[in-house]
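Peer 1: Quick one: the structure is below, questions incoming.
The values are calculated or read from the model by the stated rules, or taken from the named source; none is laboratory data. What you see is a predicted model; the values in this text were computed from it and never measured. Counting neighbours? That spans all protein chains shown, and the Cβs are built from the backbone with ideal geometry, glycine included. Just the protein is used for accessible areas: all its heavy atoms, side chains included, with ligands, DNA and RNA removed. Shrake-Rupley method; radii C 1.70, N 1.55, O 1.52, S 1.80 Å.
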Amino acid sequence: MAVALALLPAFLAVLLAIPATSPAGGGTWLSLSASSAAFAAMATNLFLATRPRFLEPVFHGLDRMYRIHRLLGITIVLLVLAHYVVAPNFQGLTLASGLNRLAKDLGEYAFYGLLLLATLSLVKRIPCTTFELPYGIWRQSHRLFGLVFLLVAIHQAFIKRPFDSAALLAVYLNVLAVIGIASFAIAQFRPLLRGRRYLVTGVAREPGGTLVTARPAGAGIRARPGQFAFLRFDRAGLGEAHPFTIAGAEAGPNGQLRFAIRPLGDFTRCLRDTLEVGDSMVVEGGYGRFDPARGGARQMWIAGGIGITPFLSALDSALAVPGRQIHLFHCVRSAEEAIDRERLEATARAVPDFAFTLHASAEAGRLGAAHIISVCRFDPAGAELWFCGPSAMREALVRDLVRQGKVPSHVAFERFEFR
C-alpha cells in the first residue's frame, strides 16, 4: 500500500498525459509520459524528505519511508533515461523564444546533474574497493536535488509542448512544482522548525558505547518508547544530523533524554572523543514505530550490541501491561560491553514475567535458535519477535527458529539505513 501511494502521483501524470500528448504520436506520448512521471516522483521524493509524521503509520515507520524514497530515486533515473532516449516528435513545433531555448538547455543540465547526484546517492561504497562516500559529502550532494528539481520545473514549464498551459497535465505539473519547491525549502529549514535545543548533562564513555544525557533548554520533543531522534551538536565535526535511538526519556515536556551511541563511524568517534557536559545540541523527533508496548502477550526481545537502546526505553511501558511475558536477549561480544546490565538484571529479579539473558558471543559463540529455545521462559513458537541489531543476524535467527519449528507470530524491526 505504501509503495502504491508513493507511486500514485507518477501514475496520475501518465494518465493525464494520454489526452495531452497522444495526438502527437505514441513515441511522443511515451517520452512525455516518462518525463511527467519522473517529475511527479521527484516532487514526491522532496515531500517525503520533509519527514511528514502523519504518513509514518501508512509507511510503517520513517525507516521504510526512506526505503521507498530510495526506490523512487531509482525509478526517477529510469524514467528520465527513457525520456532522453525516446525523442518526442513535436510535429513542427520550434523553440520560438529565448525562454524556450533556455528551458531546453536547462533540461540538459538537469539531466546530467540528476545522473551525477543519483550515482552519489545510490552508490554507498565504490565497487571492488573499501572506500565509502563520507556521510557529510553524501548529505550535501543530496541537497543539490532541490536545484535540479528547480531546473526541471523551468524546463517543463517553458519548453515547447504539444499541449497548452490550460491542459490538465500542465496544471498538474505546475502544482507539483510548487509542492516540490516548497518541500525542499521546508527540509532545509527543518532544524529551525522542528528541532529542540538541549544541553548535555552527562557523558559516560563505557565499553559498549557513549552514554549521553541531555535536558531541554526550553520545550522538549515528544517521543514514545522505542523511537529515535536526529541529533546534531554545536561542535566541529558534529554539525550534521544523525539518527540515534532514544535509550530513555523522562516523562513531561521538560524530561531528560538519554542516548547510547556506539563509536562506529567518523561522527560517532568524534562524539566520543570531544563531547562534554554543557555542550549544546539540537534534537528532532521522535520518529519510528518500534514500540513493543503495542505488542502481544508473549514477546522475545533480541538486541544485537547497541540495539539494546529501544528496549531500554520501552521496558517500563511494555511491562505495565498485566500478564505480558517478555524475555530479553542481549547479544554482545564481551560482557563488559553490556549497557544497563544491572538495571535489567534487577528488573528480572523483581518482575516474574520478565527475563533477561546476556549472551557474550566471544565466550558462548553465536546466538542461535537452540540456545533461545533452551532458556526462554515460554515457548517461542507463536510468540512475537522484536529485534534490533544487524539485519544479517535477524535473518539468520528467524531462519534458524523456522527450521526448529518455532515460527514467531510476528517479527518487528526497523532498518536504520538512511542513505
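Peer 1: If Gly237 passes every condition in (1) closer than 25 Å to Arg51 by Cα; (2) in contact with a strand residue (DSSP E or B) (Cβ under 7 Å, 6 or more places away or on another chain) but one, which one does it miss?
Peer 2: Exception for Gly237: condition (2).
Listed here are the residues, each with its yes/no results for (1) touching a Gly at 6+ places or on another chain (Cβ under 7 Å); (2) under 21 Å from Ala251 (Cβ atoms).
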residue	(1), (2)
Leu319	no, yes
His327	no, no
His330	no, no
Ile339	yes, no
Ala348	no, no
Val351	no, yes
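Peer 1: Right, next: Of the conditions (1) surrounded by 14 or more Cβ atoms within 10 Å (Cβ to Cβ); (2) closer than 19 Å to Ile221 by Cβ, Arg262 satisfies every one except a single condition; which number is it?
Peer 2: Exception for Arg262: condition (2).
Peer 1: Among the residues of region 378-419, which ones are open to solvent by 60 Å² or more (accessible area, probe 1.4 Å), basic (Lys, Arg) and modelled with pLDDT of 90 or more?
Peer 2: Matches in region 378-419: Arg399, Arg403.
Peer 1: Looking at Leu344, Leu312, Leu271, which is the one that is of a type outside the set (D, E, K, R), in a helix (DSSP H, G or I) and over 27 Å from the mean Cα position of the chain (by Cα)? Quick ask: steps written out before the conclusion?
Peer 2: Details: Leu312 fails: over 27 Å from the mean Cα position of the chain (by Cα); Leu271 fails: over 27 Å from the mean Cα position of the chain (by Cα).
Exactly one residue qualifies, and that residue is Leu344.
Peer 1: Further question on the same structure: State yes or no: is Gly61 on the phi > 0 side of the Ramachandran plot, in contact (Cβ under 8 Å) with a residue 60 or more places away in the chain and open to solvent by 20 Å² or more (accessible area, probe 1.4 Å)? Steps first, answer last, please.
Peer 2: Working: on the phi > 0 side of the Ramachandran plot: yes; in contact (Cβ under 8 Å) with a residue 60 or more places away in the chain: yes; open to solvent by 20 Å² or more (accessible area, probe 1.4 Å): no.
Considered against the rule, which asks whether it is on the phi > 0 side of the Ramachandran plot, in contact (Cβ under 8 Å) with a residue 60 or more places away in the chain and open to solvent by 20 Å² or more (accessible area, probe 1.4 Å), Gly61 comes out as no.
Peer 1: When you scan region 245-266, do you find a residue that is among the β-branched types (Val, Ile, Thr) and more than 22 Å from Glu56 (Cα to Cα), even just one? Quick ask: steps written out before the conclusion?
Peer 2: So in region 245-266, the residues among the β-branched types (Val, Ile, Thr) come out as 245-246, 261.
From what is left, the residues that are more than 22 Å from Glu56 (Cα to Cα) are 261.
Among the residues of region 245-266, at least one is among the β-branched types (Val, Ile, Thr) and more than 22 Å from Glu56 (Cα to Cα), which makes the answer yes.
Peer 1: If we keep just the residues of region 315-331 that are part of a helix (DSSP H, G or I) and open to solvent by 10 Å² or more (accessible area, probe 1.4 Å), which is farthest from Ala346 (Cα to Cα)?
Peer 2: First, the residues of region 315-331 that are part of a helix (DSSP H, G or I): 315-319.
Then keep just the ones that are open to solvent by 10 Å² or more (accessible area, probe 1.4 Å); that gives 316-317, 319.
On the way: Asp316: 13, Ser317: 17, Leu319: 14 Å.
Residue satisfying both the conditions and the ranking: Ser317.
Peer 1: Can you confirm whether Arg272 is modelled with pLDDT of 90 or more, open to solvent by 10 Å² or more (accessible area, probe 1.4 Å), over 23 Å from Pro390 (Cβ atoms) and basic (Lys, Arg)?
Peer 2: On the way: modelled with pLDDT of 90 or more: yes; open to solvent by 10 Å² or more (accessible area, probe 1.4 Å): yes; over 23 Å from Pro390 (Cβ atoms): no; basic (Lys, Arg): yes.
No: the conditions fail for Arg272.
Peer 1: Could you tell me which numbered condition Ile339 fails, if it satisfies all but one of (1) within 23 Å of Arg258 (Cα to Cα); (2) of a type outside the set (S, T, N, Q); (3) touching a residue at least 12 places away in the same chain (Cβ under 8 Å); (4) surrounded by fewer than 18 Cβ atoms within 10 Å (Cβ to Cβ)?
Peer 2: (4)
Peer 1: Determine whether region 72-91 contains at least one residue that is more than 24 Å from Leu115 (Cβ to Cβ), modelled with pLDDT under 85, of a type in the set (Gly, Ala, Ser) and outside any helix (DSSP H, G or I).
Peer 2: No, that holds for no residue.
Peer 1: Applying the selection to region 357-377, what residues are closer than 12 Å to Met300 by Cβ and either hydrophobic (A, V, I, L, M, F, W, C) or open to solvent by 70 Å² or more (accessible area, probe 1.4 Å) (or both)?
Peer 2: Listed by number, the residues that qualify are Leu367, Ala369, Ile372, Ile373, Val375, Cys376, Arg377.
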